[in-house]
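Written out below as structure tokens is the structure these notes cover.
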Amino acid sequence: MDNIMIIVGIVLASALISIILVLHLMRKSKKNKYKKLIDKLDYQKNELDTSPVGPELAKLQNFINNEKLEVMYNNWKDRLDDIKEIKIPKITDMLIEAEYLLSKKDYKSAMYKIAKLEMEIYKVRTTSEFLLEEIKEVTNSEERNRGSITKQKAHYRELYLKFKETEAEYGEYAEAVEEEFKTIAKRFEDFETLMERKELTEVPEILKIINELLKHIEVVIEELPSIVLIGKNILPKKIDQISKIYNKMNEEGYPLDYLNIEYNINEAKKKIADILDRAKVLNLEDSLFELKVLTEYFEKLFTDFEKEKVIKVDYEDASSTLKNKLNKINKLVEDIFNELDYLTKMYNLSEEDVNNFNEVRKEVEELNNDYNTLLSHTKTQNFAYSKLTDSIDELFVRLSKTESKLDNSLNVLGNMHDDEMRARQQLTEVRDLLKEAQTQIKNYNLPVIPNKYYVELKEAKEAMGEIVKELEKKPITIETLNTRVDTARDLALKLSGKTKEMMQMAKFAEMAIVYGNRYRSKEKDLDRNLNYSESLFYKGEYKKSLELTINSLNKIEPGIYDKLLELSEKK
């Protein structure tokens, strides 16, 4: 038991020692970490203390030759003194405080102080770098300015050479361009004077002026020849051509007022004069753009003139066509209304049919009025042919709709007339069918005609009579007439078919009985059946007679039906 207690004690002691050792190592690691941070910040502070701002500012003393530069120097020196005498010592004090807190193992406060140190060093470094850049703007300006002026002079020579090669294209404005180049050359001389006097603060302004002058003269070289060409040559010729075409078309009766040609030409001349006046002082702002807009406008006028010429021809053709169509429909409508009362009585036209004709007449009257108005506009020349063409196209559309409506109404009349003609034609056909049926019955001289046949013949004749009655009525009711015609035709066709069938049955039955007489003496059953068939035949039951004879003969002579049919066809 004692041994166990000893072992437990040793384990606990070992664990405690391990924990103490780990905590000691962690504290030592944290302290080392913070110490490294402080050393790094101390190094950065020393970098600030030895920054090149001081030596760069010392260079400036050689350039101070005016009050402005002296003021700048004093300002920069004060800012540098503030960094070296106030801000850096403050950082040194903060480093000492951080090391003290670290030695006291106050890690939380030390870390807070380190964070403030980092922020302060960053602020001082930024201020120092910004100050250095400002000073270098002056100390390095001579080399930089020389580089800039060299590029500008090269650009100047390039532009001047291009001007001299094309000087003729500038016309009377070449002298102004030459003077502008002299102005830029004078600015180059001003630059050299400032550089000799070491007036470095004034140099950037003269470089800026030279740069703007070069940009302007570059635009002049690029655009002025085109402005001269368009403003002095191209546009005046186009305006002259447009004026001549416009005057000639006016004399020929073209309505061109909508184009405002005269006003636009005057305004264009004013604009061209203003552009050319401004060009004398090389003020080219928007000049080339405005001249191009004017050029496009006058180019479009040529197209508009040609379009008017083409449209005039199209309009005159369309007007002639429309006039002919209106004349035709006017005549047709007049003829219809001259006969409308008769047609109404003749065919019992509905109120809707009559209203449709009235609507057509009203639409035709409106079309005539609108067309006459269009002709008056044409004569006054107040509207362009393109506008007149739109109006005549609209009249064509309306006329087409009216013609369709009239065609539909005429189709109604046409159908009624066709139905009447069809009824009269089919009345003749029904008569012929009945006549033919009666003739066939009479010519064959059948022994008996069934009563049912006479009933159907009577019905067909009565139906035919109904057609005659409907045709004699005024007005004719087409729907009733068509019903009568269909009924009579169906009855007549049925009677005609029945007549043919009865005639064929009678002929075939008679031929079968005659053919069977050759076997009468030998076959008693056949003789008896043939006697019965003859009895049926004379009673008018031709189908039964034929069937009995064929069935009786087929027992003696199989296939007799086909044989008799063949004999019948030969006859």
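Do you know which of the residues in segment 179-207 that are over 15 Å from GLU222 (Cα atoms) and in contact with a Phe, Trp or Tyr (Cβ under 8 Å, 6 or more places away or on another chain) is surrounded by the fewest Cβ atoms within 10 Å (Cβ to Cβ)?
The initial filter retains those residues of segment 179-207 that are over 15 Å from GLU222 (Cα atoms), namely 179, 182-207.
From the residues that got through so far, the ones that are in contact with a Phe, Trp or Tyr (Cβ under 8 Å, 6 or more places away or on another chain) too are 184-185, 188, 198, 200, 203, 206-207.
Values: ILE184: 20, ALA185: 12, PHE188: 15, LYS198: 15, LEU200: 24, VAL203: 23, ILE206: 20, LEU207: 19.
Within segment 179-207, the match that is surrounded by the fewest Cβ atoms within 10 Å (Cβ to Cβ) is ALA185.
Can you find, within segment 214-235, the residue that is farthest from ALA185 (Cα to Cα) among those that are within 40 Å of the chain's Cα centre (by Cα) and surrounded by fewer than 19 Cβ atoms within 10 Å (Cβ to Cβ)? Let's see the steps before the verdict.
If we filter segment 214-235 for residues that are within 40 Å of the chain's Cα centre (by Cα), which is where we start, we get 222-223, 226-227, 230-231, 234-235.
Okay, now just the ones that are also surrounded by fewer than 19 Cβ atoms within 10 Å (Cβ to Cβ), so 222-223, 226, 234.
Numbers: GLU222: 20, GLU223: 22, SER226: 25, ILE234: 34 Å.
By that ranking, first place goes to ILE234.
Can you tell me how many residues within segment 528-550 are over 11 Å from ILE513 (Cα atoms) and touching a Leu at 6+ places or on another chain (Cβ under 6 Å)?
Residues in segment 528-550 being over 11 Å from ILE513 (Cα atoms) and touching a Leu at 6+ places or on another chain (Cβ under 6 Å): 1 in total.
Enumerate the pairs (first residue in segment 273-291 and without any contact (Cβ under 8 Å) to a residue 24 or more places away in the chain; second residue anywhere and of a type in the set (Ser, Thr, Tyr)) with beta-carbon separation below 8 Å, excluding pairs fewer than 6 apart on the same chain, so at least 6 apart or on different chains.
Cβ pairs passing all conditions: ARG278/SER287.
From the set of residues in segment 97-113 that are of a type outside the set (Ser, Thr, Tyr) and under 17 Å from LYS36 (Cβ atoms), which is surrounded by the fewest Cβ atoms within 10 Å (Cβ to Cβ)? Give the steps one after another, and end with the answer.
Taking segment 97-113 and keeping what is of a type outside the set (Ser, Thr, Tyr), we get 97-99, 101-102, 104-106, 108, 110-111, 113.
Pick out the ones that are also under 17 Å from LYS36 (Cβ atoms) and you get 98-99, 101-102, 105, 110-111, 113.
Working: ALA98: 25, GLU99: 17, LEU101: 20, LEU102: 21, LYS105: 10, ALA110: 24, MET111: 16, LYS113: 21.
Once the filter is applied, the top-ranked residue is LYS105.
Please go through segment 445-457 and give me each residue that is surrounded by 12 or more Cβ atoms within 10 Å (Cβ to Cβ) and either at pLDDT below 70 or more than 17 Å from SER545 (Cβ to Cβ) (or both), ordered by number.
GLU456, LEU457
For segment 295-307, does any single residue satisfy the condition of being assigned to a helix (DSSP H, G or I), within 30 Å of GLU180 (Cα to Cα) and either touching a residue at least 40 places away in the same chain (Cβ under 8 Å) or of a type outside the set (D, E, K, R) (or both)?
Taking segment 295-307 first, the residues assigned to a helix (DSSP H, G or I) are 295-307.
Filter again for within 30 Å of GLU180 (Cα to Cα), leaving 295.
Next, only the ones that are either touching a residue at least 40 places away in the same chain (Cβ under 8 Å) or of a type outside the set (D, E, K, R) (or both) stay: 295.
Scanning segment 295-307 turns up at least one residue that is assigned to a helix (DSSP H, G or I), within 30 Å of GLU180 (Cα to Cα) and either touching a residue at least 40 places away in the same chain (Cβ under 8 Å) or of a type outside the set (D, E, K, R) (or both).
Show me the helices (runs of 4 or more DSSP H) found entirely inside segment 470-571 where at least 3 residues are at pLDDT below 75 and out of contact with any Ser or Thr (no Cβ under 6 Å at 6 or more places or on another chain).
Of the helices (runs of 4 or more DSSP H) lying wholly inside segment 470-571, those with at least 3 residues that are at pLDDT below 75 and out of contact with any Ser or Thr (no Cβ under 6 Å at 6 or more places or on another chain) span 478-516, 560-570.
Output yes when any residue across segment 103-114 is on the phi < 0 side of the Ramachandran plot, modelled with pLDDT of 80 or more and among the acidic types (Asp, Glu), and no when none is.
Looking through segment 103-114, none of the residues is on the phi < 0 side of the Ramachandran plot, modelled with pLDDT of 80 or more and among the acidic types (Asp, Glu).
Out of ILE227, ILE311, which single residue is closer than 22 Å to LEU375 by Cα and of a type in the set (Val, Ile, Thr)?
Numbers: ILE227 fails: closer than 22 Å to LEU375 by Cα.
So the residue among ILE227, ILE311 that is closer than 22 Å to LEU375 by Cα and of a type in the set (Val, Ile, Thr) is ILE311.
Which one of these does ILE550 not meet: (1) surrounded by 17 or more Cβ atoms within 10 Å (Cβ to Cβ); (2) touching an Asp or Glu at 6+ places or on another chain (Cβ under 9 Å); (3) farther than 30 Å from ALA460 by Cβ?
Condition (2) is where ILE550 drops out.
Hey, can you tell me all the residues within segment 248-263 that are assigned to a helix (DSSP H, G or I) and either at pLDDT 90 or above or of a type in the set (Ser, Thr, Tyr) (or both)?
Within segment 248-263, the subset assigned to a helix (DSSP H, G or I) is 248-251, 257-259, 261-263.
Matches in segment 248-263: TYR258, TYR263.
Output the residue which, of all residues in segment 364-404 that are of a type in the set (Gly, Ala, Ser) and surrounded by fewer than 12 Cβ atoms within 10 Å (Cβ to Cβ), is nearest to LEU326 (Cα to Cα). Quick ask: steps written out before the conclusion?
Step one: of segment 364-404, the residues of a type in the set (Gly, Ala, Ser) are 376, 384, 386, 391, 400, 404.
Filter once more, so that each one left must be surrounded by fewer than 12 Cβ atoms within 10 Å (Cβ to Cβ): 376, 400, 404.
Working: SER376: 17, SER400: 11, SER404: 14 Å.
Step by step, filter segment 364-404, then rank; the result is SER400.
With respect to ILE38, is the statement that it is at pLDDT below 75, among the β-branched types (Val, Ile, Thr), more than 60 Å from the chain's Cα centre (by Cα) and in a helix (DSSP H, G or I) true? Walk me through it before giving the result.
Working: at pLDDT below 75: no; among the β-branched types (Val, Ile, Thr): yes; more than 60 Å from the chain's Cα centre (by Cα): yes; in a helix (DSSP H, G or I): yes.
No, not satisfied.
Could you list, in sequence order, the residues of segment 432-455 that are under 19 Å from PHE537 (Cβ atoms), part of a helix (DSSP H, G or I) and of a type outside the set (Phe, Trp, Tyr)?
Within segment 432-455, GLN440, ILE441, LYS442, ASN443, ASN451, LYS452 meet the criteria.
Out of PHE130, PHE163, report the one residue that is under 22 Å from ARG187 (Cα atoms) and either modelled with pLDDT of 85 or more or in a helix (DSSP H, G or I) (or both).
Values: PHE130 fails: under 22 Å from ARG187 (Cα atoms).
Answer to the selection: PHE163.
If you go through segment 267-298 one residue at a time, how many are charged (D, E, K, R), surrounded by 12 or more Cβ atoms within 10 Å (Cβ to Cβ) and within 36 Å of the chain's Cα centre (by Cα)? So that I can check it myself, show each step before the final result.
Looking only at segment 267-298, we keep the residues that are charged (D, E, K, R), and these are 267, 269-271, 274, 277-278, 280, 285-286, 290, 292, 296.
Checking the rest, the ones that are also surrounded by 12 or more Cβ atoms within 10 Å (Cβ to Cβ) come to 267, 269, 271, 274, 278, 290, 292.
Among the residues that remain, those that are also within 36 Å of the chain's Cα centre (by Cα) are: 290, 292.
Selection size over segment 267-298: 2.
Please specify each residue of segment 303-334 satisfying the condition of being under 17 Å from GLU252 (Cβ atoms) and β-branched (Val, Ile, Thr).
Within segment 303-334, VAL310, ILE311, VAL313 qualify.
From (1) surrounded by 15 or more Cβ atoms within 10 Å (Cβ to Cβ); (2) at positive phi, pick out the condition that doesn't hold for ILE239.
(2)
Name the pairs whose Cβ atoms lie under 8 Å apart, with the first residue in segment 203-215 and without any contact (Cβ under 8 Å) to a residue 24 or more places away in the chain, the second part of a helix (DSSP H, G or I), and 6 or more positions between them or separate chains?
From residues that are without any contact (Cβ under 8 Å) to a residue 24 or more places away in the chain, the pairs are ILE206/ARG187; ILE206/ASP190; ILE206/PHE191; ILE206/LEU194; ILE209/ARG187.
Tally time: how many residues in segment 548-559 are of a type outside the set (Ser, Thr, Tyr) and either in contact with a His (Cβ under 8 Å, 6 or more places away or on another chain) or in contact (Cβ under 8 Å) with a residue 40 or more places away in the chain (or both)? Step through it out loud before you land on a result.
Taking segment 548-559 as the starting set, the residues that turn out to be of a type outside the set (Ser, Thr, Tyr) are 548, 550-551, 553-559.
Cutting the leftovers down to either in contact with a His (Cβ under 8 Å, 6 or more places away or on another chain) or in contact (Cβ under 8 Å) with a residue 40 or more places away in the chain (or both) gives us 553.
Final tally of qualifying residues: 1.
The values are calculated or read from the model by the stated rules, or taken from the named source; none is laboratory data. Fair warning: this is a prediction, and the values are worked out from it, not measured in the lab. Virtual Cβ from ideal backbone geometry, glycine too; neighbours counted across all protein chains shown.
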